[in-house]
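*Asks:* Below is one structure. I have some questions about it.
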Amino acid sequence: MPDKLTSKEIIKLLGNMIGHTDAYGDSATDKKILENLKTLIDVTNWCLDGVKRASQTLHNTEYSMRMIGATAMEALYDWADWIEEAKEENNHDKP
C-alpha cells in the first residue's frame, strides 16, 4: 500500500485541482475564478465538518479519543480567532 500524501502534497494537489481564487479584474476570468472559489468553499466546508466531528470526543474517558477532540477543538478556536481578525481587517460583518 502506498504511503499517504503529506499535507504539503495535498495542498499542492488541491491548488492544482481547484485553481486560482483571487479576483483578476477581467469578467471572463473572474467568472472562472468565482467557480474555483465555490469549489474551495465546498472543500473547506467538508474539512471543517470533519474537524467538528473529531472535536466531539473532547470529553471522552479514553485518553487517545480525548486528545483527538482537544486537538480538533484547539483548531476550531484558532480558526474562530482568525475569522474574527479577517472580518475586522475587511471592516465587514456580513456582505
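*Asks:* Looking only at the range 23-41, how many residues end up being under 16 Å from the mean Cα position of the chain (by Cα) and either loosely packed, with under 13 Cβ neighbours inside 10 Å or without any contact (Cβ under 8 Å) to a residue 12 or more places away in the chain (or both)?
*Replies:* 2
*Asks:* Further, regarding this structure: For the range 76-89, state whether one or more residues are part of a helix (DSSP H, G or I), out of contact with any helix residue (DSSP H, G or I) (no Cβ under 9 Å at 6 or more places or on another chain), among the basic types (K, R) and over 17 Å from T44 (Cβ atoms).
*Replies:* No, every residue in the range 76-89 fails to be part of a helix (DSSP H, G or I), out of contact with any helix residue (DSSP H, G or I) (no Cβ under 9 Å at 6 or more places or on another chain), among the basic types (K, R) and over 17 Å from T44 (Cβ atoms).
*Asks:* Now for a different question. Given the conditions (1) surrounded by fewer than 12 Cβ atoms within 10 Å (Cβ to Cβ); (2) outside any helix (DSSP H, G or I); (3) of a type outside the set (A, V, I, L, M, F, W, C), and given that D49 satisfies all but one, which numbered condition is not satisfied?
*Replies:* Every condition holds for D49 apart from (2).
*Asks:* Same structure, new question: Between a residue in the range 1-14 that is without any contact (Cβ under 8 Å) to a residue 12 or more places away in the chain and any residue that is assigned to a loop (DSSP other than H, G, I, E, B), which pairs come within a Cβ distance under 8 Å, given they are 6 or more apart or on different chains?
*Replies:* These pairs meet every condition: L13/L5.
*Asks:* Kindly evaluate Y77 against the criterion of being modelled with pLDDT of 95 or more and surrounded by 10 or more Cβ atoms within 10 Å (Cβ to Cβ).
*Replies:* Judged against the criteria, Y77 is a match.
*Asks:* Return the pairs, sorted by first residue and then second, in which the second residue is of a type outside the set (A, V, I, L, M), the first residue lies in the range 65-82 and is touching a residue at least 24 places away in the same chain (Cβ under 8 Å), the beta carbons are less than 9 Å apart, and the residues are 6+ apart or on different chains.
*Replies:* Listed by first residue and then by second, the contacts come to A75/S55; L76/K52; L76/S55.
*Asks:* With part of a helix (DSSP H, G or I), out of contact with any strand residue (DSSP E or B) (no Cβ under 9 Å at 6 or more places or on another chain), surrounded by 13 or more Cβ atoms within 10 Å (Cβ to Cβ) and of a type in the set (S, T, Y) as the only criterion, which of T57, T71, T44 stands out?
*Replies:* So the residue among T57, T71, T44 that is part of a helix (DSSP H, G or I), out of contact with any strand residue (DSSP E or B) (no Cβ under 9 Å at 6 or more places or on another chain), surrounded by 13 or more Cβ atoms within 10 Å (Cβ to Cβ) and of a type in the set (S, T, Y) is T71.
The values are calculated or read from the model by the stated rules, or taken from the named source; none is laboratory data. Not measured: the values here are computed from a predicted model. So basically every Cβ, Gly included, is an ideal-geometry build from the backbone, and we count neighbours across all protein chains shown.
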